Amino acid sequence: MRKHILACLALALLASCTNSGTEKETVEKNNPKTEVKKEVKSQTKPKKQLAMPVLDLNVRYPKKIVDLQDIADVEYIVLETHDVGLVSGSFNTTITDSLIITYNMSNDILFFHRDGRFSHSFNRKGGSGKEYSTISQKLCVNPEQKEIYIYESARGRIQIYSFDGQYKRTLKVRGDGYEYGTLFYIDSEFLLLEDLKYVDYYENPQPTNPKPYYRLTVADGSKQQLPLTVEKRIHNSFNWHIKETGKFASIGVSISPVANIGGELIISDFALDTVYAYKDERLVPIARKVNWMKKSGVPWLVTLDAITDKYYLWHAVEKDAKKMVWPDKTFLQDRYTGECTQIKLADKNITDKKYRFRHRASANLFTPPKGSIMQYYPAYRLIELYKEGKLQGELKKIASKLGEDDNPVLMLAKFKE
C-alpha cells in the first residue's frame, strides 16, 4: 500500500513539472519578453534611394573642396612605355578585369595588363574593306566577346576586330542621320548610335533628327529607333562648314550626353530634363536636371560623370560662344537624401593649388570599373611638380622614376560606400 502511495506521488510530481514547463512556454509565446523586444528595436530599416534626385542649376549649392582620398580608394597605374605603345592620354580608355584598352593619334589600339605592363597593340589603318580610315574617338570595347568596334561615319560602317587585331566582320549602318554619329557600348548584343547630323550646324541650319538614338544589333547591324524624342538638339561643340575646303571646323569640350557607366548605358541628353538608364531594352528615368537653360539662352551641358550606390557625380559646362573657355561645375549628390554640394575634386598627393583641380576625373570620358572614375596625369607635368616639391606620397615616388617621354600615369579612384 505504501509503495502504491509513493508511486502516485511521483507521478503527480512529474505531471506538475511537465505542466509547469508547458505553461512557461505558452506564456513566453503569448507575452514576448524584453529580450525579444530589444531584438526588434535593433533591426533598422534599410535606407531607400530617391527615385528621382534633382539637380537644379539655379540653386547655389554649398561649395566644398573634396580630396579624392576621403571618398575613394585611389590607385596609380604606371603604363609601361613601349615603342608601339605610346598613349596620347586624352582618348577614351576602357578598363576590364584584366586589361586597359585605349588608342593614340597614330590609330594604334593599345592593350596593357591591369597593372600597367604593356601587352600588345594592333593597327589596321588603311583603305581596304577590312581596315579603318581613322578611329576619331569612335571606338568602343565589348569585354565579354573580346571585340573592338570602330565606327567610320564617312563610310557608314562599323569595323569589328578581335582583341588580337584580327578582322571579324563589318556592320553596314549607312542611312539618313548616320553620317555624324558616335558609337557606344550597351552590352554583348547591342550598341547605341547617336545621330548628330545638323546638330548645332550654324551655316544653312537644317532640321535635326527628333529621335536621334538607335540600338544596333551586334550580330547583323539591324537598327531600332529608341522611343526618346528630342525636339531641339544641343551638341557639345559649335560647327561651321568651310565652303572653300568643304571641311568642317568646330570648337567644343569633352563632355558626352551618353556613357557606359558601371555597365549601364546612361543617356543625359543636353536638351532634356530627364536622365535615363537603358535597362532590359527599356528607358528608365533615374534623375532630373532642371533650369539648365539660362535666361540669356546659353545652355548648361549637364551629364553624369559617375554613379555609385551612394552618389551621383554631375558635370556641367556652360556653352557660351562668346567665351574662349567655357566655365564648368562639378556636383556631388547623395542618392538617399538628395543633398547636393558643388565640389572641386583634388588629389591629396598633389599640393600645387592650381594643378590639383585641373584634371577632371570621370567615367563619362572613360570607361573604368563600376563605381570608379579615372584620369591621366602626363609624365612631363608630374616631373615638373616633383622638381617643384609639390608631390607627396606614392605619386612622389612614381614621379621620381619617370622620364619626360614616358606614358602618362593613370589615376583610378573607386568610391567608398
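The values are calculated or read from the model by the stated rules, or taken from the named source; none is laboratory data. Keep in mind the model is a prediction, meaning the values are calculated, not measured. Counting neighbours? That spans all protein chains shown, and the Cβs are built from the backbone with ideal geometry, glycine included.
Might you let me know whether the stretch 342-363 holds any residue that is farther than 30 Å from LYS397 by Cα and out of contact with any Cys (no Cβ under 8 Å at 6 or more places or on another chain)?
yes
Residues of the stretch 186-201 that are surrounded by fewer than 18 Cβ atoms within 10 Å (Cβ to Cβ) and touching a residue at least 40 places away in the same chain (Cβ under 8 Å): ASP187, SER188. The conditions of being surrounded by 15 or more Cβ atoms within 10 Å (Cβ to Cβ) and touching a residue at least 40 places away in the same chain (Cβ under 8 Å) are met by LYS138.
Every listed requirement among (1) part of a loop (DSSP other than H, G, I, E, B); (2) farther than 27 Å from ARG215 by Cα is met by THR341 save one, (1). Of the residues making up the stretch 335-352, those that are in contact (Cβ under 8 Å) with a residue 40 or more places away in the chain and surrounded by fewer than 16 Cβ atoms within 10 Å (Cβ to Cβ) number 6. Test THR170 against the criterion of being farther than 20 Å from PHE366 by Cα and surrounded by fewer than 18 Cβ atoms within 10 Å (Cβ to Cβ), and give yes or no. Yes: the conditions hold for THR170. When the residues of the stretch 161-188 are filtered to those that are among the hydrophobic types (A, V, I, L, M, F, W, C) and modelled with pLDDT under 95, the one that is farthest from ILE255 (Cα to Cα) is LEU171. Number of residues in the stretch 276-301 that are under 19 Å from the mean Cα position of the chain (by Cα), over 14 Å from LEU228 (Cβ atoms) and of a type outside the set (D, E, K, R) equals 2.
Residues considered: ASP115, ASP67, ASP73, ASP83. Of these, the only one that is free of Cβ contacts under 8 Å to residues at least 24 places away in the same chain, closer than 21 Å to ILE398 by Cα and either in contact with a His (Cβ under 7 Å, 6 or more places away or on another chain) or surrounded by fewer than 17 Cβ atoms within 10 Å (Cβ to Cβ) (or both) is ASP83. Just one of the listed residues (SER400, SER372) is polar (S, T, N, Q), under 23 Å from the mean Cα position of the chain (by Cα) and within 30 Å of HIS82 (Cβ to Cβ), and it is SER372. The C-beta contact set for the stretch 276-288 (first residue under 12 Å from TYR312 (Cβ atoms), second residue among the basic types (Lys, Arg), distance under 9 angstrom, 6+ apart or interchain) comprises ALA287/ARG335.
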